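The values are calculated or read from the model by the stated rules, or taken from the named source; none is laboratory data. Note that the structure is predicted; figures quoted are calculated from it, not measured. Every residue, glycine as well, gets a Cβ built from its backbone with ideal geometry; the counts of neighbours run over all protein chains shown. The protein model used for the area step is the full one, side chains on, heavy atoms only, and it has no ligands, DNA or RNA in it. Shrake-Rupley method; radii C 1.70, N 1.55, O 1.52, S 1.80 Å.
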Amino acid sequence: MWGINIAEQTVSFFISLALGGFFCLFYDLFRAARKVHSFKPFLVFVSDILFFTVCAVITFCFLLSLTEGFIRGYFIFGILLGFSAVFFSISRFFLKGVTAVFRAIITLKRRIKNFCGRKKAKIRKIFKNKREKRLKKA
């Protein structure tokens, strides 16, 4: 006989809340990348499609595993509520932190590139001087 198990549905609802929060933080990664680097509109479109595709696949797998493929209203509501709760509470701080990390990585990358460029120029100068000396001797 088919019955409703309230405990399983409650656990599913709380997991859907967590999934919605995860989706919000995942989207904040995309937002931080956009703040640090200006992308062309086509790349923004592609990244949005990528985000929604990944979220749809995760949601589908979650629905398949927990509710045996049935779409439950409380599950969709839980994802939306979890996304909204995280968006209006910790998303701002998470976004600032991730943006700072991205900027630090870009700054470190530039410094390494500049350092290597200077060393490369010095090495080229040394070899150029040696080559010129050899040509003068010959």
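For segment 26-37, the Karplus equation 6.51 cos²θ - 1.76 cosθ + 1.60, evaluated at θ = phi - 60°, returns couplings of 5, 5, 5, 4, 5, 5, 5, 4, 5, 6, 7, 10 Hz by residue, with Gly and Pro reported as x. Using a probe radius of 1.4 angstrom, the carbon and sulfur fraction of the accessible surface of segment 79-138 is 66%.
Rounded to whole Å, the principal axis extents of the Cα atoms in segment 1-61 read 56, 18, 11, largest first.
With all protein chains kept in place, the per residue accessible area of segment 80-138 amounts to 94 square angstrom at a probe of 1.4 angstrom.
Per residue, the convex hull spanned by the Cα atoms of the chain amounts to 171 cubic angstrom.
Among K113, K125, K40, the largest mean-square fluctuation in a Gaussian network model of the chain, built with springs joining Cα atoms closer than 10 Å, belongs to K125. Taking Cα atoms, how many degrees apart are the long axis of helix 91-137 and the longest axis of the chain, rounded to 10 and kept between 0 and 90? Long axis of 91-137 versus the principal axis of the chain: about 20 degrees. Take every Cα pair under 8 Å whose residues are at least 6 apart in sequence, average their separation, divide by the length of the chain, and the relative contact order is 42 percent.
A crude spin-label estimate for the pair I58 and A18, with each label 7 Å from Cα along the Cβ direction, gives 1.3 nm. The GNM of the chain, with springs linking C-alpha atoms under 10 angstrom apart, assigns the highest mean-square fluctuation among C61, C24, C116 to C116.
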